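Worksheet: one structure, shown below.
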Amino acid sequence: MLLRRIVAACTQSRRMFSSSVNHSYESAIQELNKLILFQEMESVFGDPPANGLASSANNLNNEAQLPAPNISDSSFQLTHTSKSGEAQMVDVSPKESSKRNATAVCKVILGKKVFDLVVANQMVKGDVLTVAKIAGITAAKQTSNLIPLCHNINLSHVQVDLRLNHEDFSVTIEGEAASTGKTGVEMEAMTAVSIAGLTVYDMCKAASKDIAITDIRLKHKSGGKSGEYWWT
């Protein structure tokens, strides 16, 4: 008899506990739905809804609120933006001149048909790799005309190399820019490979619409306050 009472009491306790947990979950879901509705109505109408719903939303917000990061503590700044939020050209006159170098890369995926035509130099427009190489060098020297807030830099060296990859029927483009001055040449290197990639596309687009330019990125830079850096 005593054993039966113990079993009955445990069963009843388990049911009460399960009911309590379910009730807690249901209450939480209801409050969450109220918060979502509150935010949607406020974004549409601009005014908070009825006091009861606003109160529930505020309670949930207070419970889930985390301390906001202090932006002023960040060491990063958008140098091309003024204090009033307007675009500006950075004044580099206080900087010291140093030797600057940057290397960028990108890839153009051709597909087998176009790749074979490029290897055989049978594209209608001519020698794809040579034309793209010249276009990349020319583009590096015109970077400040293409990108408004870039400085007009006296480049001492620009090199663009294109390599055919038989494994994935693509062209890898690597561009290097160098200068001695007060600002870096990263944009010149990236402009070189971007325009070289676009030139490959233009030279080959008649043979395929599936060509893709991918992975435009900086590979290496040196000089200036931040020194040397490699990207993997």
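The values are calculated or read from the model by the stated rules, or taken from the named source; none is laboratory data. What you are looking at is a predicted structure, and each value in this text was computed from that prediction instead of being measured. Here the Cβ is made from the backbone with ideal geometry for all residues, glycine too, and neighbour counts use every protein chain on show. What goes into the accessible areas is simple: the full protein's heavy atoms, side chains included, and nothing from ligands, DNA or RNA. Shrake-Rupley method; radii C 1.70, N 1.55, O 1.52, S 1.80 Å.
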For every other residue with a beta carbon closer than 15 angstrom to the beta carbon of HIS166, add +1 if it is Lys or Arg and -1 if Asp or Glu, then tell me the sum.
+1
Given 198-207, 146-155, the highest-first ranking by average Cβ count within 10 Å works out to 198-207, 146-155
Among the lysines, select those whose C-alpha is under 17 Å from the C-alpha of LYS107, and discard any that sit fewer than 8 residues away in the same chain.
LYS133, LYS205, LYS209, LYS219
Taking K and R as +1 and D and E as -1, what net charge do the other residues with C-beta under 12 Å from the C-beta of GLY227 add up to?
+3
With a cut-off of at most 15 other beta carbons within 10 Å, and DSSP calling the residue loop, which GluC sites (Glu not before Pro) in the stretch 158-232 qualify? Please list them.
GLU167, GLU228
Where Lys and Arg each count +1 and Asp and Glu each count -1, what net charge lies around THR214 among other residues with Cβ under 12 Å from its Cβ?
0
Spacing of the two label points (7 Å from each Cα toward its C-beta) at GLU86 and ASP168, in nm
4.5
Tabulate in residue order the Karplus-calculated ³J(HN,Hα) for the stretch 100-112, using 6.51 cos²θ - 1.76 cosθ + 1.60 with θ = phi - 60°, rounded to whole Hz; enter x for Gly and Pro.
10, 8, 8, 10, 10, 9, 7, 10, 10, 8, 9, x, 4
In terms of the Cα gyration tensor, with a ≥ b ≥ c the square roots of its eigenvalues, is the stretch 79-232 rounded because a/c is under 1.5, prolate because a/b exceeds b/c, or oblate?
prolate
Rounded Å value of the spacing that divides the Cα centres of the stretch 167-207 and the stretch 84-124
4
Calculated from backbone phi, Karplus (6.51, -1.76, 1.60) coupling profile of the stretch 147-155 in Hz, x at Gly/Pro:
10, x, 9, 7, 6, 7, 9, 7, 6
Partner lysines for LYS221 [C-alpha distance under 17 Å; skip if fewer than 8 residues away on the same chain]:
LYS99, LYS182
Calculate one ³J(HN,Hα) per residue across the stretch 213-223 by plugging θ = phi - 60° into the Karplus curve 6.51 cos²θ - 1.76 cosθ + 1.60, and present them in order as whole Hz with x for glycine and proline.
9, 9, 6, 6, 7, 7, 9, 7, 8, 8, x
Percent carbon-and-sulfur accessible area, the stretch 113-232, ignoring ligands, DNA and RNA, probe 1.4 Å:
55
